[in-house]
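Dumping the structure here so I can ask a few things about it.
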Amino acid sequence: DAGITQSPRHKVTETGTPVTLRCHQTENHRYMYWYRQDPGHGLRLIHYSYGVKDTDKGEVSDGYSVSRSKTEDFLLTLESATSSQTSVYFCAISELAARNTEAFFGQGTRLTVV
Amino acid sequence: GENVEQHPSTLSVQEGDSAVIKCTYSDSASNYFPWYKQELGKGPQLIIDIRSNVGEKKDQRIAVTLNKTAKHFSLHITETQPEDSAVYFCAANAYDLGNEKLTFGTGTRLTIIP
């Protein structure tokens, strides 16, 4: 298995509070992604990073921010959590080469906003 | 941006029968089409992928076909077994300002009936 660790694995938080999810990799892969998974929507990209301090928005980025100060860590922050952000969050990594764009996923973080 | 549609959303088949899951994509520039399997409580894992320069690829009981003209691709699982029960996601790569990322379908929950 690819070396990806998400923390925490489960979290319950109150509406309006800030929350930070962490993704740590030991593969030295260039690309890191945050997805959320919701019934009927599959996996939707929130933000991604293509290098240290290089990040960009995905399709559902509103209400989220990210930071990548080191190759191995990618943080997802909910500045003020809302109930609509209750979801399962997955981090993924990939190293783009000419013929290989496999993405490796972490185990997921189940976030509940009450 | 890329849009990937996946059908059906649920599929039940008798053990030993075949299962087919279909996806369509919108961006003619997409050239990489992976399939991921997600078991309960885990992150998605790549099971097979196909690139636009081939029309079919097989790996034991799993095969994927690609029709670039029609912009659709399919996953075929033959001689299904109970361990094939999972959620399956198709995906297509997309290019955004020079960066490559995956767009996923909404998933198919496959249940193998013993």
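The values are calculated or read from the model by the stated rules, or taken from the named source; none is laboratory data. Since the structure is predicted, the reported quantities are computational estimates derived from the model, not experimental observations. Virtual Cβ from ideal backbone geometry, glycine too; neighbours counted across all protein chains shown.
Please go through the stretch A:8-27 and give me each residue that is in a loop (DSSP other than H, G, I, E, B) and either closer than 28 Å to B:Ala94 by Cβ or in contact with a Leu (Cβ under 7 Å, 6 or more places away or on another chain) (or both), ordered by number.
Pass one, the stretch A:8-27, residues in a loop (DSSP other than H, G, I, E, B): A:8-9, A:14-18, A:26-27.
Selection gives A:Pro18, A:Thr26, A:Glu27.
So, one more: Please work out if A:Gly58 is within 13 Å of another protein chain (Cβ to nearest Cβ) and at pLDDT below 95.
Details: within 13 Å of another protein chain (Cβ to nearest Cβ): yes; at pLDDT below 95: yes.
Taking the combined requirement at face value, the residue satisfies it.
Listed residues A:Arg68, A:Arg9; which is closer than 21 Å to B:Lys37 by Cβ and under 13 Å from the mean Cα position of the chain (by Cα)? Can you show your working first?
Numbers: A:Arg68 fails: closer than 21 Å to B:Lys37 by Cβ.
A:Arg9 is the lone residue from the list that is closer than 21 Å to B:Lys37 by Cβ and under 13 Å from the mean Cα position of the chain (by Cα).
While we're on this one: Please specify each residue of the stretch B:69-90 satisfying the condition of being in contact with a Gly (Cβ under 8 Å, 6 or more places away or on another chain) and either without any contact (Cβ under 8 Å) to a residue 12 or more places away in the chain or over 21 Å from B:Lys42 (Cβ atoms) (or both).
Answer for the stretch B:69-90, where residues must be in contact with a Gly (Cβ under 8 Å, 6 or more places away or on another chain) and either without any contact (Cβ under 8 Å) to a residue 12 or more places away in the chain or over 21 Å from B:Lys42 (Cβ atoms) (or both): just B:Glu79.
Within the stretch B:74-103, take every residue that is within 14 Å of chain A (Cβ to nearest Cβ) and of a type in the set (S, T, N, Q) and give me the one that is nearest to B:Gln38 (Cα to Cα).
Of the stretch B:74-103, the ones within 14 Å of chain A (Cβ to nearest Cβ) are B:86-103.
Cutting the leftovers down to of a type in the set (S, T, N, Q) gives us B:93, B:99, B:103.
Working: B:Asn93: 19, B:Asn99: 26, B:Thr103: 16 Å.
Here the answer is B:Thr103.
For the stretch A:51-62, which residues satisfy the criterion of being of a type in the set (Val, Ile, Thr) and not in a strand (DSSP E or B)? Give the steps one after another, and end with the answer.
Restricting attention to the stretch A:51-62, the residues satisfying the condition of being of a type in the set (Val, Ile, Thr) are A:52, A:55, A:60.
The answer is A:Val52, A:Val60.
A further question follows. Name every residue in the stretch B:21-73 that is basic (Lys, Arg), within 14 Å of another protein chain (Cβ to nearest Cβ) and in a strand (DSSP E or B), in order of residue number.
Here is the first cut: in the stretch B:21-73, the residues basic (Lys, Arg) are B:22, B:37, B:42, B:51, B:57-58, B:61, B:68, B:71.
If we keep only those that are within 14 Å of another protein chain (Cβ to nearest Cβ) too, we end up with B:37, B:42, B:51, B:57.
Of everything in the stretch B:21-73, those that are basic (Lys, Arg), within 14 Å of another protein chain (Cβ to nearest Cβ) and in a strand (DSSP E or B) turn out to be B:Lys37, B:Arg51, B:Lys57.
For B:Asn3, work out the one condition from (1) in contact (Cβ under 8 Å) with a residue 12 or more places away in the chain; (2) within 12 Å of chain A (Cβ to nearest Cβ); (3) touching a Gly at 6+ places or on another chain (Cβ under 9 Å); (4) not β-branched (Val, Ile, Thr) it doesn't fulfil.
Among (1) in contact (Cβ under 8 Å) with a residue 12 or more places away in the chain; (2) within 12 Å of chain A (Cβ to nearest Cβ); (3) touching a Gly at 6+ places or on another chain (Cβ under 9 Å); (4) not β-branched (Val, Ile, Thr), B:Asn3 violates only (3).
Let me ask something else about it. How many of the residues making up the stretch A:28-50 are exposed (fewer than 15 other Cβ atoms within 10 Å of the Cβ) and either closer than 25 Å to B:Phe89 by Cβ or at the interface with chain B (Cβ under 10 Å from one of its Cβ atoms) (or both)?
First, pick out the residues of the stretch A:28-50 that are exposed (fewer than 15 other Cβ atoms within 10 Å of the Cβ): A:28, A:38-41.
Still in the running and either closer than 25 Å to B:Phe89 by Cβ or at the interface with chain B (Cβ under 10 Å from one of its Cβ atoms) (or both): A:38-41.
Residues in the stretch A:28-50 being exposed (fewer than 15 other Cβ atoms within 10 Å of the Cβ) and either closer than 25 Å to B:Phe89 by Cβ or at the interface with chain B (Cβ under 10 Å from one of its Cβ atoms) (or both): 4 in total.
Looking at B:Thr106 and the list (1) within 14 Å of chain A (Cβ to nearest Cβ); (2) in a loop (DSSP other than H, G, I, E, B); (3) without any contact (Cβ under 8 Å) to a residue 60 or more places away in the chain; (4) not acidic (Asp, Glu), which single condition is not satisfied?
Result: B:Thr106 passes all but (3).
Looking at the stretch A:81-95, which of its residues are of a type outside the set (S, T, N, Q) and either away from every other protein chain (no Cβ under 14 Å) or in a strand (DSSP E or B) (or both)?
To start, the set of residues in the stretch A:81-95 that are of a type outside the set (S, T, N, Q) comprises A:81, A:88-93, A:95.
Matches in the stretch A:81-95: A:Ala81, A:Val88, A:Tyr89, A:Phe90, A:Cys91, A:Ala92, A:Ile93.
Let me spell it out: the conditions are (1) within 14 Å of the chain's Cα centre (by Cα); (2) part of a strand (DSSP E or B); (3) over 21 Å from B:Ile47 (Cα atoms), and A:Trp34 meets all of them except one. Which number is the exception?
(3)
Would a scan of the stretch A:63-80 turn up a residue that is in contact (Cβ under 8 Å) with a residue 60 or more places away in the chain and not in a strand (DSSP E or B)? Step through it out loud before you land on a result.
So the first thing to find is which residues in the stretch A:63-80 are in contact (Cβ under 8 Å) with a residue 60 or more places away in the chain, and the list is A:78-80.
Next, from what is left, pick out any that are not in a strand (DSSP E or B): A:79-80.
There is at least one residue in the stretch A:63-80 that is in contact (Cβ under 8 Å) with a residue 60 or more places away in the chain and not in a strand (DSSP E or B).
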